[in-house]
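So the structure is just underneath, and the comments pick up after that.
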Amino acid sequence: MAVRDFGTRTIKQPLTPLVFSAIAVAGTLAAFLFTVVDLARFERDNGFKPSPTPIQRARYEPVAKAQWRQVRAHLEARLNQRSPLELGAVWATRAGQVCGLVNGRGSFGGLAAMTRFYTVDQRPVFHQDVAHVAFQKAWFECRRDPYVMLHEGTTEPGFCGTELGKRRCFKVKNGVRVG
């Protein structure tokens with residue numbers, strides 16, 4: 001490439017910096033495009049699964065309710081309470097797992113707050129039963145596939161998800177107390 005130096009002489013500049021710059025810009029754009037495509041694929045693969053059609057719901061709901069009866073019996077036996085269980089949201093997934101939240105009594109007799117559970121072979125699994133990462137992965141799969149709702153309720157774990165907590169806790173939205 002030739003450049004004129006104040007109109008009197010011509011100076012030859014090498015093309016190497018221009019080629020390197022063009023390659024760097026093209027590489028950056030390709031990396032950005034790959035990131036956008038990969039993020040879109042990741043979001044699609046890990047997003048909520050679609051709700052069942054009415055026909056699918058009608059077909060699977062009796063099966064899910066039968067599973068829930070078994071799971072509830074195991075849950076009551078596991079928590080060993082005299083009073084009825086306080087349940088949050090409970091649902092069945094496409095894979096046949098029952099997932100939800102329950103407020104059960106702890107080993108000292110006090111209510112333990114809304115605790116997440118999922119099932120393996122119709123038996124409830126709580127966070128303390130398995131490794132943290134294993135529970136979080138299983139719970140993530142539960143949360144993204146609420147196929148058939150078995151019991152309406154809160155999905156908020158902890159004290160504020162309980163009946164007593166609803167009366168004592170308050171919600172904050174945009175820094176302002178609501179309700």
Task: lysines with Cα under 20 Å of Lys137, excluding same-chain neighbours fewer than 8 positions away - done: Lys49
Task: Relative packing of 15-22, 92-99, which averages over residues the other C-beta atoms within 10 Å, highest first - done: 92-99, 15-22
Open item on the list: Under 10 Å, Cα contacts only: if you run a Gaussian network model on the chain, which one of Arg82, Arg143, Arg72 comes out with the highest mean-square fluctuation?
Closed with: Arg82
TODO: Take the chain, connect every pair of alpha-carbon atoms lying under 10 Å apart with a spring to form a Gaussian network, then pick out the residue of Leu87, Leu79, Leu29 with the largest mean-square fluctuation.
DONE: Leu29
Task: Summed side-chain charge close to Arg123 - residues other than Arg123 whose Cβ falls under 13 Å, Lys, Arg +1, Asp, Glu -1 - done: -1
- [ ] Could you quote the convex hull projected area for the stretch 41-179, Cα atoms only and averaged over all directions, in nm²?
- [x] 10.7
Open item on the list: Could you tell me the center-to-center distance, by alpha carbons, between the stretch 128-156 and the stretch 27-69 in angstrom?
Closed with: 15
Task: Student exercise, the stretch 28-179 dipole from Lys, Arg, Asp, Glu Cβ charges, in Debye to nearest 20 - done: 400
Open item on the list: I'd like the orientation of helix 54-79 relative to the chain: the angle between its Cα long axis and the longest Cα principal axis, in ° from 0 to 90, rounded to 10.
Closed with: 60
TODO: Under a 10 Å cutoff between Cα atoms, tell me which one of Arg57, Arg41, Arg78 has the largest fluctuation in the Gaussian network model of the chain.
DONE: Arg41
TODO: Work out Dmax and Rg for the stretch 35-106 from the C-alpha atoms and quote the Rg first, both in angstrom.
DONE: 16.9, 54
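Values quoted throughout were computed directly from the atomic coordinates according to the rules given, and no laboratory measurement underlies them. Quantities reported herein were computed from a predicted structural model and do not represent experimental measurements. Neighbour counts run over all protein chains shown; Cβ positions are idealised from the backbone, glycine included.
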